[in-house]
1. Suppose the Debye formula is applied to equal point scatterers at every Cα of region 146-213; what is log10 I(q)/I(0) at q = 0.23, 0.25, 0.28 Å⁻¹?
2. What whole-number distance in Å separates the alpha-carbon centres of region 93-172 and region 231-308?
3. Please work out the Kirkwood hydrodynamic radius for region 83-366, using every pair of different C-alpha atoms, and report it in angstroms with one decimal place.
4. Ranked from highest to lowest mean number of other Cβ atoms within 10 Å per residue, what is the order of the peptides 188-195, 168-175, 259-266, 137-144?
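Since every read-out is calculated from the coordinates, none of them should be taken as a lab result. Bear in mind the structure is a predicted one, so any value in this text is a computation, not a measurement. FYI the Cβ positions are ideal-geometry reconstructions off the backbone, even for glycines, and counts take in every protein chain you see.
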């Protein structure tokens, strides 16, 4: 906004007021001319300043507001690109575990991989020896939340804590399978049953027809301070709070309505992870991984494994960052682009698992030497 300013000698120029004592004028030369000239009176200042503020403040306010909207929109888009992938379970009895997931729940073996040494991101836990990974779910990992079953050849059982409180899935067929096979099943609510996977991991089965999309509804984790944990997962990791239940002391959240949700439940005390502790995994665009790590450093949050590349024999290499929430729940973020390639369904996954179990002589070896597998 321009103002006429008079100077001695009855000359008048039109220019911009930079401060009560500074005006900026456009001269006939190519460069602007800044002229410092004392204002003639306080009256002049009081007349000019309201006009300045009237011109500047709205533009300043709306530019800041627009920036906030752009940042919020960008953040929302980034969060929308994140996906809930799987939960990692340590299993001591691979054969019985396969029976539960395949025959009771009705899931499919999506891929099976064998490793000769421990994972750099401790995917199999704090163990260095030979291990395997089996991905099992109701459909492809691109649009289903699945289970990752890690089996350490030298470990026979793990100690449960109070950290993992269950997975809920909707499938009347799973309820029917459990009853037919005599798998332990307890009715805990209307059309709701509780069963356990080998190792004691709880699963809640909703006795309703399996939906056309993913039947897995939510994963429930125990926390010691619900408000603190909600802040971590929603504010720092960007999850949307979808429901709160004061009576049950739970908060339900997720990255999208169509995905498996995360439920946090206040257990009223410290969280014990035992040795059976698992890990929940999410994907995000690869470019977000350094930002996630940087944010956690800035907020003084725990990073278990800084950004690292993980190799799978004959398959895509992925990059991950492993975090821990305030209660020590392990969280994996993996670059989505490479993970989609790695996680493609292997038509021979079922065959590879059966072959690996048939060739696994570890139980026989321990029995022959009058030993037992390690109880972690």
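1. So the normalised log intensities work out to -1.08, -1.18, -1.31.
2. 20 Å
3. When all Cα pairs of region 83-366 are included, the Kirkwood radius is 19.3 Å.
4. The most tightly packed comes first, giving 259-266, 168-175, 137-144, 188-195.
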